1. How far is it, in nm, from the label point at LEU141 to the one at MET121 when both lie 7 Å from their Cα along the line to the Cβ?
2. Tell me, what HN-Hα J-couplings in whole Hz come from the Karplus equation 6.51 cos²θ - 1.76 cosθ + 1.60 at θ = phi - 60° for each residue of region 29-44, using x for Gly and Pro?
3. From the backbone phi of region 167-177, what are the Karplus-calculated ³J(HN,Hα) couplings (6.51 cos²θ - 1.76 cosθ + 1.60, θ = phi - 60°) in whole Hz, Gly and Pro given as x?
4. Using only the Cα atoms of the chain, build the gyration tensor, take square roots of its eigenvalues as a ≥ b ≥ c, and label the shape rounded, prolate or oblate: rounded if a/c is under 1.5, else prolate if a/b is larger than b/c, else oblate.
5. Within region 45-64, which residues have the backbone N less than 16 Å from the label spot 7 Å out from MET80 along Cα→beta-carbon, could you tell me?
6. Would you calculate the separation in nanometres between label points at HIS66 and SER15, each defined as 7 Å from the Cα along the Cα-to-beta-carbon direction?
7. When the helices in the chain are scored as -39500 (n - 2.57) per DSSP H run of 4 or longer and the sum is shared across all residues, what 222 nm value do you end up with, to the nearest 500 deg cm²/dmol?
8. How much length, in nm to one decimal, is gained on full extension between ILE55 and LEU36, taken as 0.36 nm per residue of separation minus their Cα-Cα distance?
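Read the figures in this text as sums done on the coordinates, not as results from a lab. It should be emphasised that the depicted structure is a prediction, and the values quoted were computed from it without experimental measurement. Cβ atoms come from the backbone with ideal geometry, glycine included; neighbour counts cover every protein chain shown.
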Amino acid sequence: MSASESGVQGRITQSVQTKWGWFLALGIVLVIGGTLAIFLPVASTIATSIFLGAILLVGGAVQIFHALKVKTWSGFFWDMAIGLVQIVGGLIIYFDPFAGAVALTVIIAAIFLAQGLTQVMLAFAVRPHDGWGWLLFSGLLAAAVAVMLAVQFPGSSVVAPGILAGISILFSGWAYIAIALAARRLSV
């Protein structure tokens, strides 16, 4: 590691140590927000869908603007088509958050099913090694979640995206709290 890299690493560590309280505050806010999202899954699902719709609208507008700026490019038609699809999808999701939640749930279920099946295959591929059973369990669990989402569909689409977003936010919060507490220990 060069002297400049070492200096930057030291400043970052020092910065975190002196501002550990801000990291702790952020972590607490995220834990509270994640917990609320988990316990209010319908509200957080609708919020997630509205946010996704807004992102698609902005992304589609930028895509079309880009296409109009590079009209001579061979990908002009596809740039325009992608932008229009994003805008239409964004409008549908933004004005009908339930449609967005349904689409998100289908994607989530498909991802969990694909992940579960590949983890099961991986588990059997590494079967003589220690821990292969955990891979198998994880794969079966992911596949079971996919099946549960499908069986409860479309009702699951009202809560699944919000709960999953809440879990993600909750774990982010705990990560910041862990960073803050480690920095506090180092600064004492």
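1. Placing both labels 7 Å along Cα→Cβ, they lie 2.2 nm apart.
2. Result, ordered by residue: 4, 5, 5, 5, x, x, 5, 4, 4, 5, 7, 10, x, 5, 5, 6 Hz.
3. 4, 4, 5, 4, 5, 4, x, 5, 5, 5, 5
4. Values: a/c = 1.57, a/b = 1.19, b/c = 1.32.
Oblate shape, in that a/c is at least 1.5 and b/c is the bigger or equal ratio.
5. Flagged as within label range: 61-64.
6. Going by the 7 Å Cα→Cβ label model, 2.9 nm.
7. Numbers: 7 runs with 166 residues, N = 188.
Counting only the DSSP helices, I get -31000 deg cm²/dmol.
8. Values: separation 19, 0.36 × 19 = 6.84 nm, distance 2.29 nm.
Here the answer is 4.6 nm.
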